[in-house]
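The values are calculated or read from the model by the stated rules, or taken from the named source; none is laboratory data. Predicted model, so just to flag it, every value in this text is computed and none were measured. With ideal geometry, Cβ positions are generated from the backbone for all residues, glycine too; neighbour counts draw on all protein chains shown. For the accessible areas, the whole protein counts, side chains as well, though only heavy atoms, and no ligand, DNA or RNA atoms are used. Shrake-Rupley method; radii C 1.70, N 1.55, O 1.52, S 1.80 Å.
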Amino acid sequence: MRALGPLAGIAIFVLALCSTHGSAQVTRWEIPGGNWQSLSDESKAIDFGVSGAIQIAGFEPTDNITQSLPWESAQPSTGFILERSTANIWNNYPVKESDLPIVDGDPTTSTEDRFKRFGANQTGRRFTLDLGSRFPVSRVAFYPRLQGVNSSGVPLHEDYIRGYELSTSNGLEYGEDNQPIFQVMERVTFTRDSVAVVEFPNQFTRFVLLRVLAKNPFELAEIELYGSGFVPRAEYVSQVIDLGAPTNFGAFTWDTVKLRVDEATNVLAEVQKADVEASIQVRTGSDATPQIFYEITNRFLNELGIVSESEYNSLSADVRGGFEDDQVNWSRWSGPLESPGQVPDVPSPRQWFQFRVNLSSSSITDGIRINNLAIEMASPALASRLFGEISLVDEPEPAGGFASVPVGVLSRFAYDLLVDVQGRDKGIDGIVISTPTMPRFNSLLIGESVDNADEVQLQPEDIIEAADGLTLHFPEITERKSLRVIFDAEVLVQSTFFDAKVFRQAGGELPQPVLPPPRPIVNFNDPNQQVSTNKLQVLTTEASRHDILNIEGNEPLVITPNGDGRNDALTVSYSLTQLLNAVPNGVEVYTLGGDLVHAFREDRGRGSHMAMWDGTDLSGKVVPVGIYIVRIVIEGGVKDVGHTRIVSVVY
């Protein structure tokens, strides 16, 4: 994978931010010259035809789809094949020769004499086209060379296939034989036409199978595919881009244009609404390639050695040991950014990055175009090294390597950070830690030694406790320091990441994410040698992982709904845990005889909630004096959970 040269496509457009640690510049990275194609490393079903943009591939009825694809002559394959950027063609003839002349767009090239051997019965010969992805296809044409004569003076157009069966598959359905399930579009036992044309309703197609039913000799010059509309999915992957220096990443912005083809006129137009989606992902690295390449150094002992990409490409095939993703120096792909202005959750500062654009359409007539991609960046960084780990204050070295807490129970955490401000780094004066519930700040400690033995308490200048995080402002740090933030919070799901970012208020620079220390763990990068988690992740204990409903309070148990403002209603405080999505929450009130007198229902997700009953029935009238059963019901996908209380109504 080739890396794009340093600083390619960067335009510095904002401002220079002055500090004692150098000038910080917020920059805006854009596609160099708007040329997406020159920046592409791998693309599937992407149309580069619009200047300064990419769009999901679309076709008019007169477009031969085969000519938009990069083809390879391949061997028959079995099993599900992931969508890919190349198309493949093969046949079942035992003597393997290239079938590329059939899809090269040149009607003067062909299979020539391969299927003209005297006395050979050609019945059962098969040609398979794998388009690599799904394309809109409604017509298939195939034919021999239409000009010229053979050595015997017979016109070449007479060497056509006289009987055939043409089938297609969308590539999503496979049979017990591990082969795509095909549908027959047309079966012709005998024809006098040199050019065969098969038409059928426009549909998403990945595989085309041509089966010969006649025994006569033949040749194929071209197989052509036609259709109109857009492919259902496309992917653009950039080259690795070298920014020249470690850089922090900010918001990604882009423009989206939605397209639609009028089925009656086949005219393409921009529209406000279309059944399409676009998202962008990014990954960052500390070296120039996201893969590790191997050379086979000892075949008998299965020994491998690491080589560079260029060295790997120069190796002979018999000593290439393959390659894999570099999970040490490169991050995984970020979660999808589905709207402009979002900031990717990736490690930074990093010098190298790569992005990919995912385009999809649920309608064959709808398409989407992306242009004006821009990325906020800032260099130099706030800190050259910024690593963190979270633990329980009372259990710094948990047996399993993870801090584990009961779900929905307030627990005290220690968030340790190594902040190493060097050279031109700008320093920090604040941190925001993401929490699943409202945190309660306890203390902030600062030190200089790697074992945090010299930590002293530091009073933050500002403390902000919010439902989704804890923000602290403190005096500026401009050298290597260790920080420890102690706070209380609840964990609501089995696995929770306490992500954090540091910032510098005065400069207005981009915040910098806190990363777990790189592995293998060395003292130089360890935020706190007395803590062994080396992670930003907290788990729930095994015993509490099935708890969904936690009742936090019921008051009062005797209500007097007379409107005097005292004990007019029952309030139940509760929290929901272990939920990924909102589920129906209900409050049901029954008489002792089992008659329903009140009901309330609302979708709610994990977190703290309140349910209330004001002593009224289904019609809104105050219920008579008596004893009632109040039940909180949480409807789950597998089973419902609930909580029941007895409440007295008096006046």
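What is the spin-label model distance, in nm, from F402 to I646 if the labels are put 7 Å beyond Cα along the C-beta direction?
4.2 nm
Restricting the calculation to Cα positions, tell me the Rg (one decimal) and the Dmax (whole number) of region 24-69 in Å.
14.5, 54
State the dimensionless ratio Rg/Rh of region 67-141 (Rg: radius of gyration of Cα atoms; Rh: Kirkwood radius).
Taking Rh as the inverse mean 1/r over Cα pairs, Rg/Rh reads 0.97.
Roll a 1.4 angstrom probe over the protein heavy atoms and tell me the percent of accessible area of region 500-542 that is carbon or sulfur.
Answer for region 500-542: carbon and sulfur cover 57 percent of the accessible area.
Over the residues of region 378-529, compute the C-alpha Rg and express it relative to 2.2 N^0.38 Å.
Ratio of Cα Rg to 2.2 N^0.38 Å: 1.00.
If R0 is 45 Å, what FRET efficiency do you get for L596 and Q183 from their C-beta distance, rounded to 0.05?
FRET efficiency, L596 to Q183: 0.25.
Pull out the extension gain between V50 and E199, defined as 0.36 nm times the separation in residues minus the alpha carbon to alpha carbon distance; nm, one decimal.
50.7 nm
Could you list the GluC sites (Glu not before Pro) in region 246-338 that lie in coil according to DSSP, counting only those with at most 15 other Cβ atoms within 10 Å of their Cβ?
E263, E338
Quick one: dipole size for the chain, taken about the Cα centre, charges +1 on Lys/Arg Cβ and -1 on Asp/Glu Cβ, in debye to the nearest 20.
1140 debye
Pulled fully out, how much extra length does the chain show between Q537 and Q422, if you take 0.36 nm times their separation in residues and subtract their Cα-Cα distance?
The Q537-Q422 span can extend by a further 38.6 nm.
Modelling each spin label as a point 7 Å along the Cα-to-Cβ direction, I'd like the E338/D568 distance in nm, to one decimal.
Between E338 and D568, the label points sit 4.1 nm apart.
Taking all pairs of distinct Cα atoms, average 1/r, flip it, and tell me the Kirkwood hydrodynamic radius of the chain in Å to one decimal place.
After inverting the pairwise mean of 1/r, the radius is 30.4 Å.
What does the C-alpha gyration tensor say about the overall shape of region 187-245? Classify as rounded when a/c is under 1.5, otherwise prolate if a/b is larger than b/c, or oblate.
Taking the square roots of the gyration eigenvalues as a ≥ b ≥ c, region 187-245 is prolate.
With r defined as the distance between the Cβ atoms of F190 and D275 and R0 fixed at 45 Å, what FRET efficiency is calculated, to the nearest 0.05?
Approximately 0.55, to the nearest 0.05.
As a test, work out the antiparallel percent of DSSP beta bridges whose residues both lie in the chain, rounded to the nearest 5.
Here the antiparallel bridges make up roughly 95 percent for the chain.
What does the convex hull of the alpha-carbon atoms of region 557-651 project to on average, in nm²?
Averaged projected hull area, Cα only: 6.3 nm².
Rounded to two decimals, what ratio of Rg to Rh does region 246-401 give with C-alpha atoms and a Kirkwood Rh?
Rg divided by Rh gives 1.13.
Set the Förster radius R0 to 25 Å, insert the Cβ-Cβ distance between D325 and F300 as r into 1/(1 + (r/R0)^6), and round the FRET efficiency to 0.05.
Calculated transfer efficiency: 0.35.
Which shape class, rounded, prolate or oblate, goes with region 307-465 when its Cα gyration tensor gives a ≥ b ≥ c as root eigenvalues, a/c under 1.5 marks rounded, and past that a/b bigger than b/c marks prolate?
prolate
Which trypsin sites (Lys or Arg not before Pro) in region 209-280 pass both tests, a DSSP loop state and at most 12 other beta-carbon atoms within 10 Å?
K273
Considering only protein heavy atoms, what per residue accessible area in square angstrom results for region 201-286 with a 1.4 angstrom probe?
Normalised by residue count, the accessible surface of region 201-286 is 37 Å².
For labels at E112 and L82 in the simple 7 Å Cα→Cβ model, what's the distance in nm?
3.8 nm
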